[in-house]
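Below: the structure, in structure tokens.
A short reminder: the numbers here are calculations on the coordinates, not readings from a lab. Small disclaimer: the values here were computed from a predicted structure and weren't measured. All Cβ positions, even for glycine, are placed from backbone atoms using ideal geometry, and neighbour counts span all protein chains on display.
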Ligand SMILES: [Zn+2]
């Protein structure tokens, strides 16, 4: 029997090994020019991505995405050099979370100016993460960067996934880049942890009023696609639904344990990421409606 057990275990292991290359088929990084533009790029490394814009007077880059992997930043810089000889003039942080902004030192050493929301700078100055460059300049509610004929508008819409999230909008191209609060084709999951769920809904209503057509998310959308206003509306609908469902239970005193163990959101069971997202969503809304924060 023991040997049969070993055979079964061996077969299971073989199956795992067999499956592994299928998951590894996606190349470790990719640089993609956004369709219909001649200068807007998405740089993806692993499961994170950033936008960069090439102009005749220099490059505007965003999040270094180098948390725990300095090679991602080296690759990012090499990929930019493949499309232009222009220097990187700016690095703009989407928000203050290290998984998106750590690792920027090579950009800094090459002379880039770092920009972030003012609350991102305040937070980073307290945290003193050795791998994260402190912003040189900050944005309060609005700032417009013009470089080599490109206009990039930076807007703070208030609290959502973080308290320091910027929306970066290319005004002529009608493209936005904003991170961790508007998943494209999937559900918000781990990004719920430190979010402000009520204000998040307000931010979504505001971004739906802005003039844009395509959204570059900070994690690739389902199938690698960019987002639309419909995707953003879907996030709002999901948050409202989840919030209402947990609220009923929470007000009957069922947070944390009973909600976290028993509540499901079957309407969304078929949406990519549902299983992973559910515990984070329930915990965050239990925090809101069961505790008040
Ligand atoms: Zn984040």
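Highest GNM mean-square fluctuation, the chain, Cα pairs closer than 10 Å: which of 173, 57, 78? Among 173, 57, 78, the largest mean-square fluctuation in the Gaussian network model of the chain belongs to 78. What does the C-alpha gyration tensor say about the overall shape of segment 96-210? Classify as rounded when a/c is under 1.5, otherwise prolate if a/b is larger than b/c, or oblate. Taking the square roots of the gyration eigenvalues as a ≥ b ≥ c, segment 96-210 is oblate. Overall, the anisotropy analysis places segment 243-283 in the prolate class: the square-rooted eigenvalues a ≥ b ≥ c of its C-alpha gyration tensor yield a/c not less than 1.5, with a/b exceeding b/c. From Cα pairs below 8 angstrom and at least 6 apart in sequence, can you work out the relative contact order of the chain, rounded to a whole percent? Computed value for the chain: 12 percent relative contact order.
For the chain, what does the alpha-carbon gyration tensor say about shape, rounded, prolate or oblate, given a ≥ b ≥ c as the root eigenvalues, a/c under 1.5 as rounded, and a/b over b/c as prolate? Oblate. One Cα centroid belongs to segment 142-183, the other to segment 207-281; the line between them spans 22 Å. Taking other C-beta atoms within 10 Å as the exposure proxy, 181, 256 rank 256, 181 from fewest upward.
Enumerate the residues in segment 246-288 having an amide nitrogen under 16 Å from the point lying 7 Å beyond the Cα of residue 222 toward its Cβ. Once the point is set 7 Å along Cα→Cβ of residue 222, 265-278 turn out to lie under 16 Å by backbone N, inside segment 246-288. Counting 0.36 nm for each residue step from residue 37 to residue 122 and taking away their Cα separation leaves a gain of 27.1 nm.
Computed FRET efficiency, Cβ-Cβ of residue 190 and residue 146, R0 35 Å: what is it to the nearest 0.05? Write out the running numbers ahead of the final one.
Values: r = 35 Å, r/R0 = 1.01.
In this case the efficiency is close to 0.50.
Report, for the chain, the % of DSSP beta bridges that are antiparallel, rounded to 5. Provide the component values of the computation, followed by the final result.
On the way: 30 of 43 bridges.
Taking every DSSP beta bridge with both residues in the chain, the antiparallel ones total about 70 percent.
Under the simplified labelling scheme, the residue 57-residue 137 pair shows an inter-label distance of 1.1 nm, with each label point 7 Å from Cα along Cα→Cβ.
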